[in-house]
1. Considering each residue of segment 355-385, count those that are touching a Gly at 6+ places or on another chain (Cβ under 6 Å) and within 16 Å of ligand 2 (Cβ to nearest atom), and give that number.
2. What are the residues in segment 270-288 that are surrounded by 14 or more Cβ atoms within 10 Å (Cβ to Cβ) and more than 16 Å from ligand 1 (Cβ to nearest atom), if any?
3. Restricting attention to segment 221-246, which residues are more than 16 Å from ligand 1 (Cβ to nearest atom) and within 19 Å of W276 (Cβ to Cβ)?
4. Of all the residues that make up segment 317-360, how many are of a type in the set (D, E), more than 18 Å from the chain's Cα centre (by Cα) and surrounded by 13 or more Cβ atoms within 10 Å (Cβ to Cβ)?
5. Determine whether segment 196-207 contains at least one residue that is more than 16 Å from ligand 1 (Cβ to nearest atom), surrounded by fewer than 17 Cβ atoms within 10 Å (Cβ to Cβ) and not in a loop (DSSP other than H, G, I, E, B).
6. Might you let me know whether segment 437-449 holds any residue that is over 30 Å from G202 (Cα atoms), β-branched (V, I, T) and not in a loop (DSSP other than H, G, I, E, B)?
7. List the strands (runs of 3 or more DSSP E) inside segment 221-330, counting only whole elements, that have at least 1 residues being at negative phi, of a type in the set (K, R) and free of Cβ contacts under 8 Å to residues at least 12 places away in the same chain.
8. When you go through (1) under 23 Å from R46 (Cβ atoms); (2) of a type in the set (D, E, K, R); (3) within 16 Å of ligand 1 (Cβ to nearest atom) one by one for D179, which number turns out not to apply?
Amino acid sequence: MVEPVRFPEIELYAGWGEPMRTECEIRGLELIQGDIPAGLEGALYRVGADRQYPSGRTDDIFIDGEGMIHMFRFKDNQVDYVSRWVETERFKRQKIARRGLFGRYRNRYTNDPSVAGVHMGTGNTTAMFHAGHLYALKEDDLPYEIDPETLATRGRVDFDGALRSVSFTAHPKVDPVTDELLGFSYQARGDATRDIVFYLFGPDRQLVNEVWFEMPYAACVHDFAITDEWIVFPFFPLITDLEVIKAGGPYYQWHPDKEIHVALVPRRGTAKDIRWFRGPAASAGHMMNAFRDGSTIHLDVCFYEGNCFPFFPTPQGETTAPVPPFLTRLSFDLNDREGRITKRRLLDVSCEMPRTDDRYQGLPYRYGYVICRSADGSSATGCFDFQTGTLARWSPGPGDGVQEAQFVPRTPESAEGDGWLLVPVSRVSKMRSDLVILDARNVSAGPVATLKLPVRVRSTFHGTWVPESALRTGRFGYKRAQA
Ligand code: V55
Ligand code: FE
């Protein structure tokens, strides 16, 4: 006998956040406005968290839950939609038990004793395509490989032994021009360890460089940024304490008295060349980009002047008030032996989920794509032009929301920002979704095409676009246009 399935009545699972628990397959989405641009062929993969079974707790948080991978397959003037669970070890054990076996977010000491030692990754954060392989990623575990056509889970992988850390980031950077893969693992030797490792892989996934070093504390390193010479690792004082998690506490605690530290790691060098910078407590989840200007490195980040995750309390158990994120440029002067951080706000509109034309990751760039949130609960897709300082916006309307935008260049060699934004839209009042296509150079004009989904695409975090040619060859094959 197993218990009936009952989800707790908490805000997380009300309305749009209601667990969906459904795999979908829709061949040929209904086109309700406009036309699909000619030549737009490939797959948009996105990943989010759903809930297979209740955890038995009321303190679930939105970054937890079993991974669901979604595919929008663009081919022959039609778009198919498919979603499948990421069949992780956690998922499979719960499927057999017909109930939740894993407790508080990332806290193995709150799990059912029957799953002691089972890998806890959910594969719920992003999709990555590299060297012909597709993966679902969660930062506390190794990648899960996914079949790019059927979305069947092939299994947990360590890149043929190359990953010697316990995990791999959910914010890797795949350079779609060189087909290099840059990634890392933090708490790389297990919960609360200060080890971190940077990995650089070549286009055939051969390991080119690996740099192990130590963080100042056991931080949450959700994202990083790259430049041509230096890799940027920010450490914010959201810290794991082994004793606290052993006692069943939160995986991270917010330490307002501790500084942020930033490590600049040489892309092709070793740990002895790492440069360190420091500043007052603040935090961020997501980096938009970084680039080098002579001996200065600039990092553009959705920056919170406080705790970006108010559901992680202080060591005294206090909850901090939410603060809005603003696009901010942190600068690091390699000639400054004091290691000071210079800070400048770039945009006064609160925004998150930053993306770019990924051919310009690590290089000077002009355009950034964000989600702007309005006071009325709706959100808008924004295109920020760094050259003019202007923000173009499109909102789906009151009460509705946009998910993270995916840029697709019009052609493999088109100019920066010349292309499309693929945006899942949450039609909250109708409890279903749309996928809209915006012209990235004219976002405020509204969609050039709208595809209707008769179902809800529960909020996804991140994803990637894989052009048709890359699905066949394993190479993105993009070019950087000369400015
Ligand atoms: C983040 C997201 C996560 C996570 C830790 O946005 C940090 C930051 C989607 O999962 O596990
Ligand atoms: Fe993220």
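1. Matching residues across segment 355-385 total 2.
2. Start the filter on segment 270-288 by keeping residues that are surrounded by 14 or more Cβ atoms within 10 Å (Cβ to Cβ), which leaves 271, 274-275, 277-279, 281-288.
Result: A271, I274, R275, F277, R278, G279, A281.
3. Here is the first cut: in segment 221-246, the ones more than 16 Å from ligand 1 (Cβ to nearest atom) are 226-232, 241-244, 246.
Correct list: I226, T227, E229, W230, I231, V232.
4. Of the residues in segment 317-360, the ones of a type in the set (D, E) are 318, 333, 336, 338, 348, 352, 357-358.
Adding the requirement that they be more than 18 Å from the chain's Cα centre (by Cα) leaves 318, 333, 336, 338, 348.
Subset that is surrounded by 13 or more Cβ atoms within 10 Å (Cβ to Cβ): 333, 336.
Residues meeting the conditions: 2.
5. yes
6. yes
7. Details: elements: 230-235, 260-266, 275-279, 283-293, 296-304.
Filter on segment 221-330 gives an empty set.
8. All conditions are met except number (3).
The values are calculated or read from the model by the stated rules, or taken from the named source; none is laboratory data. None of these values were measured; they are calculated from a predicted model. So basically every Cβ, Gly included, is an ideal-geometry build from the backbone, and we count neighbours across all protein chains shown.
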